[in-house]
Amino acid sequence: MSPTRPRAATAGDDFAALVVRWQRRHGRHDLPWQRTRDPYRVWLSEVMLQQTQVTTVLAYYERFLARFPDVHALAAAPLDEVLALWSGLGYYRRARHLHQCAQQVVGEHGGAFPRDSAALARLPGIGRSTAAAIAAFSFGERAAILDGNVKRVLARVHGVADDLSQPRAERAMWARAEALLPARGIEAYTQGLMDLGATVCTLRSPRCDACPLGARCVARVEGSPQRYPVKARRAARGRRAHALLWLQQGRRLWLVQRPPTGVWASLWSLPEFRSADELAALVAGWPGPGEWLAPIEHALTHFDWELRPWRHALPARLDAATRHGIEAALGTGRWFDRDDALQQGLPAPVRRLIESGRG
């Protein structure tokens, strides 16, 4: 006889009470952004935590606050400096939105963040779920969050078999999340849902025995938590292969700033070429030694990227005509001292390459 499918939690159940009780006993309480109700610090942590693990965010969060202690400091900073501090954290659109949002808060709101989630969600880079988290933690607003972790918790507990990539199913999930909101204790409830998804109801190895919602969880009774949440099959990942030019003259490096849209938008990087042959044709006849380095494998959201670096060392003494000819062939870009280059916003694999000193 198959196990009885548990009754899904409803708004009248003690779902929220179980989450709050668990969070107070077993949840996370020592994260730096949990010791404040300052919306600037809460906002900064929420943006950094999008698609990034807590352990990675901790060091970036402290460095960011040391340089930009408030929204006015962030708004006044050059974008290049913001990107430099963000370098290595990935998903660089978040950093550009962070800068735009700070400028809008200062320019249109006098430096004070709006106090409700609806107004927060109209700011650059703040979606509905992030706005709700900021409003809950900073102002105590009774607002529902629905990030990836929370979707997973609710989908498993309720056995939601709808494809959450479809707008209709997404709207239904939002309605479910709002119906479960407690009348009080919104901060502990919101943090509890986040903690459950991040530490217990994980994507691949859920710890169902440690979950306070286990007794009512459809996925646990069915014995198939990985079945939820249901999403349409992703398209096959693409693959690209390009070449990078690591051009040096003594301690100087030639860097280019990437376009304001696309991969690594606005970051400084080594010049990129469509193929190794194209790059080889460009450097043919240049003075100084050059060599191909081991390819770099870099995974992005929708494709895997192979980057093959060519390291070329120009002689310390180079006549002006030859130097100008090389610079003209490269087009836009400029020389940086190596230490200065490492202070720029660089893509993580390019930073590691330069830091390695060898590739």
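None of the figures in this text is laboratory data; all of them are computed from the coordinates on show. Just so it is clear, the model here is predicted, and its values are computed rather than measured. For neighbour counting, all protein chains shown are included, and Cβ atoms are generated from backbone atoms with ideal geometry for every residue, glycine included.
How many angstrom separate the Cα center of the stretch 109-144 from the Cα center of the stretch 283-359?
Between the Cα centres of the stretch 109-144 and the stretch 283-359 lies a distance of 42 Å.
Rg(Cα) of the chain divided by 2.2 N^0.38 Å?
The reported ratio for this selection is 1.20.
Could you work out the relative contact order of the chain? I mean the mean sequence separation of Cα pairs under 8 Å and 6+ apart, divided by the number of residues, in percent.
After rounding, I find 19 percent.
Taking 30 Å as R0, compute the FRET efficiency from the Cβ-Cβ separation of Val283 and Arg204 and round it to 0.05.
Efficiency at R0 = 30 Å is approximately 0.10.
To the nearest whole percent, what portion of all C-alpha pairs in the stretch 230-359 is separated by more than 23 angstrom?
Here the long-distance tail beyond 23 Å is 34 percent of all Cα pairs in the stretch 230-359.
What residues have an amide H closer than 5 Å to that of Asp304, excluding those fewer than 5 places away on the same chain, when H is modeled at 1.01 Å from N in the peptide plane?
Result for Asp304 returns Gly238, Arg239, Arg240.
Looking at the stretch 86-131, which chymotrypsin sites (Phe, Trp or Tyr not before Pro) are in a loop (DSSP not H, G, I, E or B) and have at most 10 other Cβ atoms within 10 Å?
none
Using the alpha-carbon atoms, what tilt in degrees (0 to 90, nearest 10) does helix 167-179 show relative to the longest principal axis of the chain?
The answer is roughly 50 degrees.
Label the stretch 29-132 by shape, choosing from rounded, prolate and oblate, from the square roots a ≥ b ≥ c of the eigenvalues of the Cα gyration tensor; if a/c is under 1.5 it is rounded, and otherwise prolate applies when a/b is larger than b/c, oblate when it is not.
Note, shape of the stretch 29-132 comes out rounded.
Give me the extension gain from Arg115 to Asp30: residue separation times 0.36 nm, minus the current Cα-Cα distance, reported in nm with one decimal.
28.1 nm
Give me the dipole magnitude in Debye, nearest 20, for the stretch 140-283 about the Cα centre, with unit charges on the beta carbon: positive for Lys and Arg, negative for Asp and Glu.
280 debye
What order do you get for Asp339, Asp304 when you list them from fewest to most C-beta neighbours inside 10 Å?
Going from sparsest to densest Cβ surroundings: Asp339, Asp304.
Which of the listed residues, Ala188, Val256, Asn149, is farthest toward the dipole's positive end in the stretch 145-274, when Lys, Arg count +1 and Asp, Glu count -1 at the beta-carbon?
Val256
Count neighbours as other Cβ atoms within 10 Å of each site's Cβ, and list the trypsin sites (Lys or Arg not before Pro) in the stretch 268-323 that are DSSP loop with at most 11 such neighbours.
Arg274, Arg317
Once the piece of chain linking Asp340 and Asp163 is laid out straight, how much longer is it, given 0.36 nm per residue of separation minus the C-alpha distance between them?
In short, 58.9 nm is gained.
Please give the contour-minus-distance gain from Ala321 to Arg21: 0.36 nm per residue of separation, less the Cα-Cα distance, rounded to one decimal in nm.
Extra length from Ala321 to Arg21 when fully extended: 100.7 nm.
Enter the angle in degrees (range 0 to 90, nearest 10) between the Cα long axis of helix 39-49 and the first principal axis of the Cα atoms of the chain, meaning the one along which they spread out most.
So the helix axis and the longest Cα principal axis differ by about 70 degrees.
Using the crude model of +1 on Lys and Arg Cβ and -1 on Asp and Glu Cβ, and no other charge, please compute the dipole size for the stretch 138-202 relative to its Cα centre, in debye to 20.
140 debye
Within 12 Å, Cβ to Cβ, of Asp340, how many net charges do the neighbouring residues add up to if Lys/Arg are +1 and Asp/Glu are -1?
After counting each charged neighbour, the total is +1.
Using +1 at the Cβ of each Lys and Arg and -1 at the Cβ of each Asp and Glu in the stretch 218-268, identify which of Trp268, Gln226, Trp246 lies farthest towards the dipole's positive end.
Gln226
So how strong a dipole does the stretch 249-359 carry about its Cα centre when Lys and Arg Cβ are +1 and Asp and Glu Cβ are -1, to the nearest 20 debye?
Once rounded to the nearest 20, the dipole reads 300 debye.
With contacts defined as alpha carbon pairs under 8 Å and 6 or more residues apart, what's the relative contact order of the stretch 120-196 in percent?
34 percent
In degrees from 0 to 90, rounded to the nearest 10, what is the angle of the helix 54-67 Cα long axis to the longest principal axis of the chain?
60 degrees
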